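Quick notes on the structure that follows.
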Amino acid sequence: MKNILFISMALLTLFFLNNCGDSFATIVEIDPPEFEPQMTISSFINDQDSLTGFFVGKNRDILEAGEFEDYDLDDVSITVTKEASSEVLTGAPVDPFVNFAFAFTYNYALEIPDQFFAGGENYTFEVSHPDYNSSVTTLQFPIVKDNLRDIVYNQNDGVDIDGDDNSSVRFEIVDDPLTEDYYELELFSEDLNGNFGSFWIETTDPSGIKGYPYDNLLFSDQSFNGETKSIKVKFDRWLYNPDVDEPLKVIWRTLTKDAYGYSLSGRRYNDTDGTPFLSPVQLHSNVNDALGNISLKTEVVYLVE
C-alpha cells in the first residue's frame, strides 16, 4: 500500500512539473557596462635589470574579438623619472614584440643605467598617447630584503602524491616586524649544456601560494610578521643532478603590494579563462587614468651548495 501511494505521489509530481512550463524560469535582462576606451599598461621591473619593457595598448569591449597584437598602440611616449635626482629615462619602440622575461610581451623598452632603481626611492611613470588621457603614476621601489638563513638542499626527500621522487630546499625567513612584506621565491639552475630554467616548486606550508608565473611561490608575512619562519619547498629530483649541473640558485624577491596582488589576480584570471561557469576575474591595477600594473621587485640570489 505504501509503495502504491509513493508511486502515485511521484506521478502527480511529474505531471505538475511537466505542466508548469516555464513557471520556474525567470529571464532578467541586464545591460552590459558602458565601454570606456582606455590605455592598458604593463611592466615588470627588477632592480637588477639593464633593460626593461612596457606593453602599452588599448582595452576592448567585452564582445569584441581580435588578436593580442591588434590592440597595441603606436606613437606612445614613456618616461620614468627618479624623483630624488630628477634623472629621466625615455622608452623606445620595440619591433617586433620582444620577450624580456618569461610570459611577458612588450612593445616598448628602456635601457636602465646602473643603480637607477634603488629600494626606498620614488619613481614617476608617465605614459602618453594622443588619443587618451596621460597616465602619471608615482611608485616607491621596495627595499631589498637579504633575510634568508640556513639554506639546506636535500637530494632525496620522499615522493609526491603522484609517486615521483622529490628533492627539497629548506630555509628560514627572518622577517622584519616593522614592515609589511611580500616575497617571491624562484628556484633556478643551469646545466652543462647552457640550458636553464625555473623548477616547479611546491610547499605544504599555507603561507606559500602560487601566483603567476606558476613556477614560483609567493609569500605574505601577514601570518608570520616579525617571526623566523621555516619553509621547505620540493621539486622533481630527476630535474637536477648536483654532481653535473651548476649549483642551485634561490632567487628571493621583495615585491610591492601591487606586484603581489597582480600576480595573484593573474593566476586567478588564467584559472578561470574560458570557463563559462565562473565569474570573470578583474586583474589588479595600480596605474592612474589607465588600466594595468607596474610591478616593482628587488632581489637577492643565494647559491645552494
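Does PHE116 satisfy the condition of being closer than 24 Å to ASP289 by Cα, surrounded by 18 or more Cβ atoms within 10 Å (Cβ to Cβ) and at pLDDT 90 or above?
no
Filter region 145-170 down to the residues that are β-branched (Val, Ile, Thr) and modelled with pLDDT of 95 or more and list them by number.
Across region 145-170, the qualifying residues are ILE151, VAL152, VAL169.
When residues of region 221-254 are filtered for being within 25 Å of the chain's Cα centre (by Cα) and more than 21 Å from THR298 (Cβ to Cβ), how many remain?
7
All but one of (1) touching a Lys or Arg at 6+ places or on another chain (Cβ under 6 Å); (2) closer than 22 Å to ARG253 by Cα hold for ASP175, so report the exception by its number.
(1)
Tell me, please, whether a residue that is open to solvent by less than 30 Å² (accessible area, probe 1.4 Å), at pLDDT 85 or above and touching a strand residue (DSSP E or B) at 6+ places or on another chain (Cβ under 8 Å) can be found in region 262-269.
Taking every residue of region 262-269 in turn, at least one turns out to be open to solvent by less than 30 Å² (accessible area, probe 1.4 Å), at pLDDT 85 or above and touching a strand residue (DSSP E or B) at 6+ places or on another chain (Cβ under 8 Å).
When only residues in region 178-209 that are aromatic (Phe, Trp, Tyr) and open to solvent by 50 Å² or more (accessible area, probe 1.4 Å) count, which is modelled with the lowest pLDDT?
PHE196
Being among the charged types (D, E, K, R), out of contact with any Lys or Arg (no Cβ under 7 Å at 6 or more places or on another chain) and closer than 13 Å to THR203 by Cα is the filter here; which residues of region 230-250 pass it?
LYS234, ASP236 - these are the residues of region 230-250 that are among the charged types (D, E, K, R), out of contact with any Lys or Arg (no Cβ under 7 Å at 6 or more places or on another chain) and closer than 13 Å to THR203 by Cα.
So is VAL56 open to solvent by less than 20 Å² (accessible area, probe 1.4 Å) and either within 24 Å of the chain's Cα centre (by Cα) or modelled with pLDDT under 95 (or both) or not?
Answer is yes for this residue.
Residue by residue, here is whether (1) over 20 Å from GLY53 (Cβ atoms); (2) surrounded by fewer than 13 Cβ atoms within 10 Å (Cβ to Cβ) holds:
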residue	(1), (2)
TYR123	no, no
SER128	no, no
ASP131	yes, yes
VAL136	no, no
LEU139	no, no
VAL144	yes, no
LEU148	yes, no
ASP162	yes, yes
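Which residue, of ASN225, ASN166, ASN241, is open to solvent by less than 20 Å² (accessible area, probe 1.4 Å), polar (S, T, N, Q) and not in a helix (DSSP H, G or I)?
Step by step, each of ASN225, ASN166, ASN241 is checked, and only ASN166 is open to solvent by less than 20 Å² (accessible area, probe 1.4 Å), polar (S, T, N, Q) and not in a helix (DSSP H, G or I).
The values are calculated or read from the model by the stated rules, or taken from the named source; none is laboratory data. Since this is a predicted model, take the numbers as computed values, not measurements. With ideal geometry, Cβ positions are generated from the backbone for all residues, glycine too; neighbour counts draw on all protein chains shown. What goes into the accessible areas is simple: the full protein's heavy atoms, side chains included, and nothing from ligands, DNA or RNA. Shrake-Rupley method; radii C 1.70, N 1.55, O 1.52, S 1.80 Å.
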